[in-house]
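Notes to accompany the following structure.
FYI, it's all coordinate maths here, none of it is from the lab. Source: prediction; values computed, not measured. As a convention, Cβ positions derive from the backbone with ideal geometry for all residues, glycine included, and neighbour counts pool all protein chains shown.
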Amino acid sequence: MKIHFVICSLCALFVCSVFAAEKPNLVFILADDMGYGDVAHAGGKIATPNCDRLAAEGMRFTDAHTTSSVCTPTRYGILTGRYNWRSRLKNGVLWPPSKPLISKDRVTLPKFLQQQGYHTACVGKWHLGLDWQMLPNGQKGKADDGRSIGKGWNIDYTKPITHGPTHIGFDYFWGIPASLDMPPYVYIKNDMSTAVPTKIKAFYRPGPAAADFEAVNCLRDFAAQSRNYIKQQAADKSKPFFLYLPLTSPHTPHVPSKRWQGKSGFNTYGDFVMETDWVVGEVLAELDEQGIAGNTLVLFTTDNGCSPAAKIPALIAKGHKPNADWRGHKADIYEGGHRVPFIVRWPGKVKAGSTSDSIVVTTDFYKTAAEILNAAKNIPNAAAEDSFSFLPDLLKKGKTARTTAIHHSVNGSFAIRHGHLKLILAPGSGGWSAPRGKNAWKVNPGGIQLYNLKADPSEKNDINKPNLGIVNILVDLLQKEISNGRSTPGKPVNNEGEIPFNKKITERFPQLKNQTPK
């Protein structure tokens, strides 16, 4: 009986190991505020050898988009496979200490991968809200100099976070709450702060900070933590792993470490782009060192286009176009706000040096991973509502089933893309570039724009007036995808609250008022 038990146990272990080996490790690297044209292989003048290596060894998508032109919403879309505007966040970003944006009962991408036998980790910038425990009776902590400037002093850093990354699908988390210019400035390991803030530091916005926390160290710390995680998981043959690595760079503050200062020949933003690329290289180096690169899919992209904080005109004057020739930048509904680098390397599966011109969105990694695992049928109806697999593109066996893409700007403006046509339901950028605000309505009282991106990739020639029939078709498509609560096949589901449109837009297109699933 004992011999039989041992043999069965060994067989089970063998089957488990073979099963794990058939599943690729998944690494998703997300840069912050880095544009389509910042990588050298897309024409950038800043050295990005590691991103270029990924492109040379994998597939580059030339028509890839974030779900939003700012960061929190895009991060939501990646981890849920759902358009961000379906959540309670209808514009802008979360500001700590905001409540979590992703509910515990949602089957997120990491939770789904856990169900498929993966170990999951997030290293880096969270920015999706955390449920901190607060000090009692409205108390506030103080820095060691007696002051309590900025938000976050009412948090009890000695108690665990009750709703964060480890509660929505990650086995391990090591990172920071939000952007490097949003306090509190502390590292978090799993559910606990690694230190109690005793200082006031300001990386633009002053607030509570751990004594040893310095923004300039973050990228090196993230790289080291990522390498340690990969090494640990490579030693554990029982499970494949998913590493989500959302970086803090090259978002403000632009704080390249000493090694990279002045190296780009442009400015501190350019230097920070180079250090961001270095982190990519550190991940690739560890995969090589552990001998698992061949069974690991690596995806690199960014959360939106380059920000004007990079001093874009000065970069262009020196020959570097961070958003390439696309119009606009971070926060905008124009292509520069959401068309981003998107590179996938999967040795032996994805042809080296290949490209795809299919429209893909950052929500699409969820369904793609599920199809790689032959587990798409296991996705619940109320999950990955806006995720289409681009696996056919990766394997050169066809095209993604995605036919539309819905874009979203910082102020909540919408655009819908179908083929080469892009309809913008806003009079201007919907963001930070001109025309914006009330001035946009003066410039364009009709309130909409239509562009043919094949003939006019820089969105200079608005063709909406002679094409009102096309405009109405696209508005109807948008209305359908809003009211169904999904753009993928499946039973309609509810959005979290009504999707707001400018009153002038709904007066012109009353069908957008109908947001009830049918």
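Highest mean first, how do 201-211, 378-388 rank when packing is the count of other Cβ atoms within 10 Å averaged over residues? Provide the component values of the computation, followed by the final result.
Values: 201-211: 19.1, 378-388: 21.0.
Listed from highest to lowest mean packing, they are 378-388, 201-211.
For Thr355 and Ala314, FRET efficiency with R0 = 22 Å and r from the beta-carbon atoms, rounded to 0.05? Show your work: numbers first, answer last.
Values: r = 30 Å, r/R0 = 1.38.
That gives a FRET efficiency of 0.10.
What residues of the stretch 377-400 lie in the reach of a label at Glu496, counting those whose backbone N is under 18 Å from a point 7 Å from the Cα along Cα→Cβ? Of the residues in the stretch 377-400, 380-387 have backbone N under 18 Å from the label point off Glu496. The Cα atoms of the stretch 158-295 give a gyration tensor whose axes a ≥ b ≥ c have a/c of 1.5 or more with a/b no greater than b/c, which makes the shape oblate. Counting 0.36 nm for each residue step from Ala202 to Ser458 and taking away their Cα separation leaves a gain of 88.4 nm.
Which order do peptides 22-28, 138-144, 436-442, 449-455 fall in by mean Cβ count within 10 Å, highest first?
Details: 22-28: 21.0, 138-144: 12.9, 436-442: 14.4, 449-455: 17.1.
Final packing ranking: 22-28, 449-455, 436-442, 138-144.
Here the stretch 119-250 is treated with +1 on each Lys and Arg Cβ and -1 on each Asp and Glu Cβ, and its dipole about the Cα centre works out to around 120 debye. Proximity of backbone amide H atoms, modeled 1.01 Å from N, is registered between Ser249 and Asp32 at under 5 Å, excluding neighbours fewer than 5 places apart on the same chain. Phi angles of the stretch 63-79 translate, via the Karplus equation with coefficients 6.51, -1.76, 1.60 and θ = phi - 60°, into HN-Hα couplings of 10, 9, 9, 7, 6, 9, 8, 9, 7, 3, x, 5, 4, 4, x, 4, 7 Hz per residue; Gly and Pro are given as x.
So in the chain, what percent of DSSP beta bridges are antiparallel if you round to the nearest 5? If you can, show how the numbers build up before the last one.
Values: 30 of 58 bridges.
Restricted to the chain, the bridges split so that about 50 percent are antiparallel.
By the rule of a C-alpha distance below 17 Å, with chain neighbours fewer than 8 residues away ignored, the aspartates and glutamates paired with Lys454 are Asp63, Asp325, Glu335, Asp357, Asp462.
Which of Gly81, Ile343, Pro489 sits farthest toward the positive end of the charge dipole of the chain, with +1 on the Cβ of Lys and Arg and -1 on the Cβ of Asp and Glu? Projecting each Cα onto the dipole axis, the largest value belongs to Pro489.
Ranked by the mean number of other Cβ atoms within 10 Å of their residues, highest first, the peptides 477-488, 393-404 fall in the order 477-488, 393-404.
If the chain linking Thr403 and Arg220 were pulled fully straight, counting 0.36 nm for each residue of separation and taking away their Cα-Cα distance, it would gain 61.9 nm. Note on the stretch 413-513: with charges restricted to the Cβ of Lys and Arg (+1) and Asp and Glu (-1), its dipole about the Cα centre is near 160 debye.
Take the alpha carbon gyration tensor of the stretch 31-114, find the square roots of its eigenvalues, order them as a ≥ b ≥ c, and report rounded if a/c is under 1.5; if not, report prolate when a/b exceeds b/c, else oblate.
Working: a/c = 2.67, a/b = 1.82, b/c = 1.46.
Cα axes put the stretch 31-114 in the prolate bin.
Ordering Gln511, Val360, Gly328 by the projection of their Cα atoms onto the charge dipole of the chain, which places +1 on the Cβ of Lys and Arg and -1 on the Cβ of Asp and Glu, puts Gln511 at the extreme positive end. Placing pseudo-labels 7 Å out from each Cα toward the beta carbon at Gln261 and Lys377 gives an inter-label distance of 5.9 nm.
Charged side chains reduced to their Cβ positions (Lys and Arg at +1, Asp and Glu at -1) give the chain a dipole of some 940 debye around its Cα centre.
For the stretch 382-518, a/c is not less than 1.5, where a ≥ b ≥ c are the root eigenvalues of the C-alpha gyration tensor, and a/b does not top b/c. That puts it in the oblate class.
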